[in-house]
Each structure stands twice: as C-alpha cells, then as structure tokens.
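Comments concern the structure below.
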Amino acid sequence: MKKFLLLGLVAVLTACPVYRLPEITIPNELSVAEQDAFLALINGKRQNAVTTAVACLASGPSFPAKTFNTNSRVLLRDTALTTAALAHLNYLVKNHPEGFTQPGNPNALAFDPHNGAGDGTPINRAGAAGFSGTAWGEVMAFDFPNQTEVLNRWLTSSFGHCQVAMDDDFNRAGFAKVTVASSSKSYWIMAVGRTP
C-alpha cells in the first residue's frame, strides 16, 4: 500500500512541473532611479486622489467604473516583482514583437497579454521570482515614449489599468521596459502585489 501511494505521489509531482520564469537575456532599460521616478509619478496620483479624484473607466465585470478619491497607500519598489515583470517582457519581445493589440486598433486586444501570452500568469511569474504576497496584478503598455504618457494611458484606459494602478490593495510594485529591436517600440510593465 505504501509503495502504491508513493508511486501515485511521484506521478502527480511529475505531471505538475514547477513553473519557471522565462529566461532574461534582455536587460531592464529602466535604471533604479528611473523606476523610482515612475513610482513617484504613480504614488503622486494615488496620494493626491483625495484632492484630485481619479475616475477609472469600466472594463467589464472585473473592473467596474470607480472613482478614487481617498488617500491611497503608497507603492514601494519590489525587486522580486521587477524580476517577474522583466521576465515577462523578455518573453513578449521574443514571442510577440508586434505588441498585444490588434493592428490598427489600439483599443482591441489581439490576445490576453497577462494570462494568454504563453508564459504563465502574473501569479506564476511573481511566485517564481520570489514574491510571497497575497495579491498580484499587472498593467502593461506598448509603443509609448515615456513614463508620463504610459501612466496617462493607464489612467484613461478602459482595460482596467486605472483600477489596478490606483487600488489600495496593492503596496508593492516592480517596473520594467524592454524595446523590440526590429521596430524600436517598447513594452512597459508594472507588476503589483500586496505584502503584510
């Protein structure tokens, strides 16, 4: 009986391979100072919501329209989330260099860039990078020239980016930017999470 249980456990473990982050061969184009500047931009919006409300557009049942008018907690930079974000962008640049929206329509997704790109989910990536929080999320952009325009796009997006960027549930964030060599267009990402 013990031998059967042990063989069953080995079969289950073999059938459920451990998730591994995509290989990082392209470095993060955002220096630590640039990541901190991006963080300061986002925290400025979160903290100033009490005097300048941020109205987020609806994005289906998961992200109803919401106005943030309270003083949100600040996000702190997290190296594990930065690693998860950078690994995901490495995968996207190599496998989806054309971006994640439909050609000619930046408001329509060609595929789900968070869960349907082929390299797992935000939770998989955060966990494999060593983040042990209790909530996870990502916001991404493609083909924007700078942090200010990326943040403005997220805050006016109808994809739920605004709700994720402003959500009080999150208190940690990681940032990455990687450029597609063939087009000089850049992927941007903020991976967020919550720790106690």
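For the reader, a short list of remarks on this structure follows.
- For Lys185, residues with placed amide H under 5 Å, excluding near neighbours: Val180
- Inter-site label distance for Asn105 and Ala181 at 7 Å from Cα along Cβ, in nm: 3.3 nm
- Taking each residue as 0.36 nm, the span from Thr25 to Thr52 lengthens on full extension beyond its C-alpha to C-alpha distance by 5.6 nm.
- A 1.4 Å probe over all protein chains sorts Arg153, Arg125, Arg20 by accessible area into Arg20, Arg153, Arg125, starting with the largest.
- Extension gain from Val74 to Thr134, taking 0.36 nm per residue of separation minus the Cα-Cα distance: 19.9 nm
- Stretchable slack from Leu41 to Thr195, in nm (0.36 nm times residue separation minus alpha-carbon distance): 53.3 nm
- When the GluC sites (Glu not before Pro) in region 18-88 are filtered for DSSP coil states and for at most 11 other beta-carbon atoms within 10 Å of their beta-carbon, the remaining sites are Glu23.
- Taking a straight line from the alpha carbon of Lys94, these aspartates and glutamates sit under 18 Å away, with near neighbours fewer than eight places off in the same chain left out: Glu23, Glu29, Asp112, Asp119, Asp143.
The values are calculated or read from the model by the stated rules, or taken from the named source; none is laboratory data. If you're wondering where the values come from, they're calculated on a predicted model, not measured in any experiment. We place every Cβ from the backbone using ideal geometry, glycine too, and count neighbours over all the protein chains shown. When the accessible area is computed, the model is the full protein with side chains, heavy atoms only, and any ligands, DNA or RNA have been set aside. Shrake-Rupley method; radii C 1.70, N 1.55, O 1.52, S 1.80 Å.
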